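Here the structure comes first, spelled out in structure tokens, and everything after it is commentary.
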Protein chains: 2
Amino acid sequence: MQVDTGKARTALQLRSLVKSSGELELSLARVTVPSPAPDEVVIRVDASPINPSDLGLLFGAADMSTATQSGTLANPVVTASIPERRLASMAGRLDQSMPVGNEGAGLVVEAGASDAARALLGRTVAVSGGAMYSQYRCVKAEHCLALPEGTTAAEGASCFINPLTALGMVETMRLEGHTALVHTAAASNLGRMLNRICIADGVGLVNIVRSAPQEDLLRALGARHVCNSSAPSFIDDLTAAIAATGATIAFDAIGGGKLAGQILTCMETVLSRSVTAYSRYGSTTRKQVYVYGALDVGPTVLDRRFGFAWSIGGWLLTAFLQKIGPAAAQKLRARVIAELKTTFASHYSKVISLADALRLDEIAVYGTRATGGKYLINPNQGVAD
Amino acid sequence: MQVDTGKARTALQLRSLVKSSGELELSLARVTVPSPAPDEVVIRVDASPINPSDLGLLFGAADMSTATQSGTLANPVVTASIPERRLASMAGRLDQSMPVGNEGAGLVVEAGASDAARALLGRTVAVSGGAMYSQYRCVKAEHCLALPEGTTAAEGASCFINPLTALGMVETMRLEGHTALVHTAAASNLGRMLNRICIADGVGLVNIVRSAPQEDLLRALGARHVCNSSAPSFIDDLTAAIAATGATIAFDAIGGGKLAGQILTCMETVLSRSVTAYSRYGSTTRKQVYVYGALDVGPTVLDRRFGFAWSIGGWLLTAFLQKIGPAAAQKLRARVIAELKTTFASHYSKVISLADALRLDEIAVYGTRATGGKYLINPNQGVAD
């Protein structure tokens, strides 16, 4: 069952290529969209967010301050150089032109013969399939999340990564025996979702932000504990908030610098207040920091003044979903859909086209990973199909 | 049942006092030894090692380069100043005169009325009871480990911390699903035990040492994989050793500096060789470093070029023993006793008295935490009882 037949459909697709010569090249390729197999559908992608996790694949290890643009207005090419010392970390993707875009949403315009595929025809669906910075994507029907009637592609574009990550943090907190949590870069879209989840679920949350305006933003959203890491009183503020909530687990989007260690130190300060006998090994309560992002790619510096009951490690959504299994993951997805316009609403500062995504002035904005600079790509905006 | 009666027995005991004025004071106190309760025994302590874990309690946060000695030859007093910025970390022990010495061995010279206590009278026993830098200690009979006939106190003095820590590393490796391990500061007494355990059990072990002589020492002890962190080829050597063994867990005695991160990076280099599809999140195999010591108290610096499947955290023997439970812990203890003169043999460079332990020239040797400078205290050496 196809909406339109005739010659094979093609689509513009954003590509990132790291050359072994040490150069990054971003461009738009025209690719053929396969006809759907019985269990597949073709989606016209109308909205796909630029997440921090996309920037890593998009820019690789390139120094984007060296970026230059060539090509045409409709078909631009951006090149940038990769510092030689960082090229080794790109070994796994050298000279492979890679599609980008982890998630997005759009209209199902073509469907394979199976019932599951046909049921989606004409529906707006979200998908977390990669290569979403494409006009069209052919994907398995079972990977599509049909959005409720009245939901736009833009509203559903970010319904996987941020919502499931925020829910995954709270679930991880519970699974590992903690009762409250700390979150860094808390004014982000993800941070605001987590704030809403914690208010709804009655979970203690310490929000760490990097500026006074972000502090105001979160307080206006009902956050009780907000600590500004640029304030002189930060360590005292953080200690007080951890004492008030009892948080012994943190999720850190930043990764580099001293913050993860400071969180552990403040937790230990609070825990040591209730210790009766001195132990040079510190409190026996386990303190955990999970690093789930790399807003600061510099080294993590741990000034280990927090005893021996501590752990810091990487946290990835895909690994978490595998760990809890399909049934538990499905429950989380159902909650996201039910609360898509409230708890899990995303905010974007701008909607851009694929060609816009390769403009140096736009890269300078969305490439900073700064809160409030979040973009949505509409791969079909301004495109003559 | 008592060997000798009459006036209460007293004992010299080494004490460490951190004053709120910011001064450390080490001295010998004369304390009264209690008469044993029915379930207790009195041990004449003949041998107690100076472990790195003892140095932390002994010196606190003092800068031992400022140490001065006063008092008499038989009753010396050592004082040293504590940097003001480090005094806060001592809050839990301020102005409390604390006994020192985690473990040791000696002769049971007095016993309570219970059968268990009486059975130990005249036996040489080992105990991990704290305050072992004392001439005599009154402890529960059930906490004593009776050494086999023909075993001296010196041979049994270190039969808890190092042997159980080494066995605990191998057990942790197995419990957490790894098949080989990396160990730092591997030429230590503990490292040599671990090397013997791994050879006996057929477990792959990567020994990281800090000098060429230590490398030679371990190779002479049959170690197959020894990497010298001071060699220019260290990263290549470590990567090759990890590839050869498949090690994905490490135990680090050092804590500070870049080594823990380098181990994770080398593990990731090896794991990424068998990855077929590029992922900017790195390999999915979990890489673990446990920090169990603090030979370098400086910050841990993690240059996170090892994906997201990683974890680094504190590891403590006491927490490990609690986790595995009494029955499993008893099995480990039984192995230690059975192999005390072989697998778990310790080596000391010198045996000193309690008064010697407060000599500045001796502190300068045993306080460096350097491999090969390990001392044993005999609290009854040179003492007129």
Want the number for A:H347 to A:Q381: 0.36 nm per residue separation, take away the alpha-carbon distance, what's left? 10.4 nm
Pairwise Lys count, segment B:297-385 - Cα closer than 18 Å, eight or more residues apart or different chains: 4
Let me have the relative contact order for chain B, percent, based on Cα pairs under 8 Å that are six or more residues apart. 17 percent
Which net charge results when you count Lys and Arg as +1 and Asp and Glu as -1 among the other residues whose beta-carbon is under 11 Å from that of A:G130? -1
Measuring from its Cα centre, chain B shows a charge dipole (+1 at each Lys and Arg Cβ, -1 at each Asp and Glu Cβ) which, in debye to the nearest 20, is 680 debye
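Counting other Cβ atoms within 10 Å, keep those with at most 11, restrict to DSSP loop, and tell me which GluC sites (Glu not before Pro) in segment B:140-197 are left.
Qualifying residues, ordered by number: B:E149.
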Only loop residues by DSSP count here, and only those with at most 15 other Cβ atoms within 10 Å; note down the trypsin sites (Lys or Arg not before Pro) in segment B:284-385 that meet that. B:K341
Mean separation of Cα contacts under 8 Å (6+ apart) over length of segment A:241-385, as relative contact order %: 21 percent
Counting other chain Cβ atoms within 10 Å of each Cβ in B:317-329 and taking the mean gives 1
Ranked highest first by the average count of other Cβ atoms within 10 Å around their residues, in what order do B:35-43, B:216-224 fall? B:35-43, B:216-224
First measure r as the distance between the Cβ atoms of A:K323 and B:A338, then evaluate 1/(1 + (r/R0)^6) with R0 = 51 Å and state the FRET efficiency to the nearest 0.05. 0.80
Once you keep just the Cα pairs under 8 angstrom separated by 6 or more residues, what percentage relative contact order results for segment B:42-100? 31 percent
Residue list for segment A:89-107, given a label point 7 angstrom along the Cα-to-Cβ vector of A:T152 and an amide N cut-off under 17 Å: A:104-107
Computed about the Cα centre, the charge dipole of segment B:14-94 from +1 Lys/Arg and -1 Asp/Glu charges at the Cβ has a magnitude in debye, to the nearest 20, of 180 debye
How far is B:E25 from itself in the other copies, in nm, if each label sits 7 Å out from Cα along the Cα-Cβ line, shortest first? 7.7
Footprinting exposure proxy for B:M193, A:M90, A:M98 (fewest neighbouring C-beta atoms within 10 Å first): A:M98, A:M90, B:M193
Angle between the Cα long axis of helix A:259-272 and the longest principal axis of chain A, 0 to 90 degrees, nearest 10? 40 degrees
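Taking the Cα centre of the protein assembly as shown as the origin, how large is its charge dipole in debye, to the nearest 20, when only Lys and Arg (+1) and Asp and Glu (-1) carry charge on their Cβ atoms?
Roughly 400 debye for the protein assembly as shown.
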Separation between the A:T276 and B:S97 pseudo-spin-labels, each 7 Å from Cα along Cα→Cβ, expressed in nm? 2.4 nm
Extending each Cα 7 Å along its Cβ direction at B:K258 and A:S230, get the distance between those two points in nm, one decimal. 3.1 nm
Extension gain from B:A113 to B:D216, taking 0.36 nm per residue of separation minus the Cα-Cα distance: 31.8 nm
Between copies, how far does the label point of A:Q330 sit from its twins, in nm, shortest first, when each point is 7 Å from Cα along Cα→Cβ? 4.7
Rounded to 5, percent antiparallel among DSSP beta bridges of chain B: 60 percent
Please work out the C-alpha center-to-center distance from segment B:86-129 to segment A:51-79 and express it in whole Å. 66 Å
State the answer as a single residue: which of B:A345, B:G298, B:A141 lies farthest towards the positive end of the charge dipole of the protein assembly as shown, with beta carbon charges of +1 for Lys and Arg and -1 for Asp and Glu, about the Cα centre. B:A141
GNM flexibility winner over chain B from B:Y348, B:Y292, B:Y281 (Cα, springs under 10 Å): B:Y281
Of the candidates A:Q69, A:Q288, A:Q330, which one comes out as most mobile in a Gaussian network treatment of chain A with C-alpha springs shorter than 10 Å? A:Q330
Nm distances between copies for A:Q69, ranked from closest, using label points 7 Å along Cα→Cβ: 7.6
For B:302-310, what's the mean count of beta carbons from other chains sitting within 10 Å of each residue's beta carbon? 6
Sticking with the crude label model, points 7 Å out along Cα→Cβ, report the distance from A:E142 to A:E25 in nm, one decimal please. 3.8 nm
When chain B is treated as a GNM, springs tying every alpha-carbon pair under 10 Å, which of B:V108, B:V78, B:V127 comes out with the largest mean-square fluctuation? B:V78
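Rule-based calculations on the coordinates, nothing more; no lab input. Since the structure is predicted, the reported quantities are computational estimates derived from the model, not experimental observations. So basically every Cβ, Gly included, is an ideal-geometry build from the backbone, and we count neighbours across all protein chains shown.
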